[in-house]
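The values are calculated or read from the model by the stated rules, or taken from the named source; none is laboratory data. All values reported here derive from a predicted model rather than from experimental measurement. Positions of Cβ are generated from backbone atoms using ideal geometry, with glycine treated the same way; all protein chains shown enter the neighbour counts. Accessible surface is based on the protein model in full, side chains and every heavy atom, while ligands, DNA and RNA are left aside. Shrake-Rupley method; radii C 1.70, N 1.55, O 1.52, S 1.80 Å.
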Amino acid sequence: MCGIVGAVSQRNIVPILLQGLQRLEYRGYDSCGVAVHQGGELKRARSTARVTELDAQVHQDGIEGFIGIAHTRWATHGAPAVHNAHPHFSHGVGADAQSSKAGRIALVHNGIIENHDELRAELQARGYVFNSQTDTEVIAHLVDSLYQHDLFEAVLQAIQRLKGAYAIAVFCREEPQRVIGARAGSPLVLGVGQGENFLASDAMALAGVTDQIVYLDEGDVVDLQQGKYWISGRKTEGGFARVERPVKTVHAHSGAAELGPYRHYMQKEIFEQPRAIGDTLEGIAGITPDLFGDDAYRVFQSIDKVLILACGTSYYSGCTAKYWLESIAKMPTQVEIASEYRYRDSVPDPKTLIVTISQSGETADTLAALKHARSLGMAQTLTICNVSTSAMVRECKLAYITRAGVEIGVASTKAFTSQLAGLFLLTLALAQSRGLLSEAEEAEHLKAMRHLPVALQAVLALEPQVIAWAEEFASKENALFLGRGLHYPIALEGALKLKEISYIHAEAYPAGELKHGPLALVTAQMPVVTIAPNDALLEKLKSNLQEVRARGGELYVFADGDTKIESGPGLHVIRMPEHYGPLSPILHVVPLQLLAYHTACARGTDVDKPRNLAKSVTVE
Ligand code: G6P
């Protein structure tokens, strides 16, 4: 999704800005741009192509400067077009306009300004002319309208007029020594260098530039100059005051990780799963609430239900965990899509443990849902998150950090299975704190968890068989995924993967629901993918398969070894290496990831950056 980089230095900062954008590219964007202060004017280049094209344009136009800002845009207001790409310039009005043909204020923005229509009308009445359909241009003109030779003051005043979410970076033609940043609802960090300072929407953008990072708080405004910076924070009684924020050493990995022998990051990440799960579970000698934080024992004793909040793939890991939490820890569990929960009337219970699940830790809806739950008096919060420095981890009392490593493919794979590992640990810790986990059971679960990397390797070895299926799927336009119980959320995740990257319409159903609607869709043209573990529901599932066969449907079944489901006419079977009890979803999702991946490859789509989607969704 949108990315911001800004810099103030004594050297040409354009290469740093462009490298920063490149590190954020994997999140998905549809246009990009950079602006600098050069020769007393604002200069910019913008493109609807990739950052490498922007780089070429910048060289051709000779754009250089000591201060500047850059942006990757994922369109919300206004089509992906050059005139809507950031940075946006204000032109000033009256006497200011005559002296500033090329613009006075340069600004980039992540987030959504909800009152942009009202502000636009007000600014148009004052003579401002708009060149884009974006909500961002409104902020540029607003800052311009409030500017009286002090950019920091103008930004302070402007943000008090904004409703919605933003992270912004701004500079002014008349003040070539400073860049101002501000955030509310969207992430922004300050990078402290040697005599130079930086801004970015994610510390990863600054990898290799500086590892000294300040995470700005909600409402902070920062004034960046060469070798110095000041932060103002919002006071509870209103207004702003100077604040100190801790500088942290952050070893952010570069997003541009090596692809190695793989064709795409998604394929690489699928194959990294044995390592990711191994790392996520490393060093766990026994189950104890402390794994989730020092206060976890007390928190676990104080709650009697769980509410999971998440979006996308992370929501499906929550749906899987519900089965574990209710069957193993006997903990009543509700799972809600964050964007729904935050806006509906619900019945809060202070004895609820709020569990957020997020790969990035920056998903706007999940963060807002967490805050909403807290505002309703539910103070016990825990996150399963892949980024230890994220807003989600900072906002939650307790955390389990998965160690999937940087995930670049927009379609989440290794982050999902690592979340499942973290959620299974949570289940065991809650069961133990309620006296529901004997030592023998604990030892058995730990043994199964430690064996997961090996079991996953055996599943990955099925890739050639999955490729053969993918070639058949590539010519289809619809697919149905079936699962039961613990594997119904895995069917949902399999369908999501296929639609995200191959653009084949895919739906998932609990197999028992088939005859209540989707059976009407079943023809020879409709592949029906079925997850068939050897669990208590196997015989029921076999009846559902018969219902599909009887209507001429083509079945593609991932069956555990001892299910006695054999290939035959209209029935294709790939045999899973071993049945894995409650941890079976972690294995069964892997061939579904491979199926989506190879189908997408066969259809020639942009696997790592599927159209219209973003990796880290920092707007609502
Ligand atoms: C986006 C990504 C998905 C991800 C979802 C939630 O839609 O493309 O892969 O599952 O956001 O993101 P989170 O970082 O909160 O897990």
Based on what the data block shows, is Gly78 assigned to a loop (DSSP other than H, G, I, E, B), touching a Lys or Arg at 6+ places or on another chain (Cβ under 7 Å) and modelled with pLDDT under 95? no
May I ask you to list pairs of residues, at least six apart or on different chains, whose Cβ atoms are under 7 Å apart, with the first in the stretch 325-346 being within 21 Å of Ser302 (Cβ to Cβ) and the second being among the polar types (S, T, N, Q) and assigned to a helix (DSSP H, G or I)? Leu325/Thr427; Ile328/Thr427; Ala329/Thr427
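What residue, among those in the stretch 546-564 that are open to solvent by less than 10 Å² (accessible area, probe 1.4 Å) and of a type outside the set (Phe, Trp, Tyr), is farthest from Ser475 (Cα to Cα)? Working first, answer last.
Let us first name the residues in the stretch 546-564 that are open to solvent by less than 10 Å² (accessible area, probe 1.4 Å), namely 548, 553, 555-560, 563.
Filter once more, so that each one left must be of a type outside the set (Phe, Trp, Tyr): 548, 553, 555, 557, 559-560, 563.
Values: Val548: 20, Gly553: 16, Leu555: 16, Val557: 19, Ala559: 24, Asp560: 27, Thr563: 29 Å.
Among residues in the stretch 546-564 that are open to solvent by less than 10 Å² (accessible area, probe 1.4 Å) and of a type outside the set (Phe, Trp, Tyr), the one farthest from Ser475 (Cα to Cα) is Thr563.
I'd like to check which strands (runs of 3 or more DSSP E) are fully inside the stretch 90-204 and have at least 1 residues that are open to solvent by 10 Å² or more (accessible area, probe 1.4 Å), in contact with a strand residue (DSSP E or B) (Cβ under 8 Å, 6 or more places away or on another chain) and in the same structural domain as Gly78 (by TED's automatic domain parsing).
Passing ranges, in order: 105-113, 164-172, 175-184, 189-192.
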If you go through the stretch 434-481, how many residues are under 16 Å from Leu594 (Cα atoms) and acidic (Asp, Glu)? 3
Filter the stretch 330-356 down to the residues that are charged (D, E, K, R), closer than 29 Å to Gln432 by Cα and either surrounded by fewer than 15 Cβ atoms within 10 Å (Cβ to Cβ) or in contact with a Phe, Trp or Tyr (Cβ under 6 Å, 6 or more places away or on another chain) (or both) and list them by number. Lys330, Asp349, Lys351
Just give me the residues in the stretch 454-489 being of a type in the set (Ser, Thr, Tyr) and in contact (Cβ under 8 Å) with a residue 24 or more places away in the chain, in sequence order. Tyr488
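Looking only at the stretch 174-202, which residues are of a type outside the set (A, V, I, L, M, F, W, C) and more than 16 Å from Ser9 (Cβ to Cβ)?
Step one: filter the stretch 174-202 for residues of a type outside the set (A, V, I, L, M, F, W, C), giving 174-178, 181, 183, 185-187, 191, 193-197, 201-202.
Residues satisfying the conditions are Glu174, Arg183, Gly185, Ser186, Pro187, Ser201, Asp202.
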How many of the residues in the stretch 107-129 are under 12 Å from His141 (Cα atoms) and in contact with a Lys or Arg (Cβ under 7 Å, 6 or more places away or on another chain)? 1
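Ala614 - would you say it is within 16 Å of the ligand (Cβ to nearest atom), part of a helix (DSSP H, G or I) and of a type in the set (Gly, Ala, Ser)?
The answer is no for Ala614.
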When the stretch 565-607 is checked residue by residue, the ones that are open to solvent by 20 Å² or more (accessible area, probe 1.4 Å), within 25 Å of Ala421 (Cβ to Cβ) and under 22 Å from the mean Cα position of the chain (by Cα) are none
Where the second residue is in a strand (DSSP E or B) and open to solvent by 90 Å² or more (accessible area, probe 1.4 Å) and the first is closer than 26 Å to Ser388 by Cβ and lies in the stretch 231-253, which pairs have Cβ atoms under 9 Å and are six or more apart or on separate chains? Ile231/Arg242; Gly233/Arg242
Does the stretch 445-459 contain any residue that is open to solvent by less than 10 Å² (accessible area, probe 1.4 Å), away from the ligand (no atom under 16 Å from the Cβ) and not in a helix (DSSP H, G or I)? no
From the set of residues in the stretch 408-444 that are of a type in the set (Val, Ile, Thr) and part of a loop (DSSP other than H, G, I, E, B), which is nearest to the ligand (Cβ to nearest atom)? Val410
Tell me whether the stretch 368-381 contains one or more residues that are crowded, with 24+ Cβ neighbours inside 10 Å, among the aliphatic types (A, V, I, L, M) and within 15 Å of the ligand (Cβ to nearest atom). yes
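Conditions (1) of a type in the set (Asp, Glu); (2) over 30 Å from Leu452 (Cα atoms); (3) outside the structural domain of Gln177 (by TED's automatic domain parsing); (4) open to solvent by 50 Å² or more (accessible area, probe 1.4 Å), marked per residue:
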position: Gly208; (1), (2), (3), (4): no, yes, no, yes
position: Gly219; (1), (2), (3), (4): no, yes, no, no
position: Ser232; (1), (2), (3), (4): no, yes, no, no
position: Glu237; (1), (2), (3), (4): yes, yes, no, yes
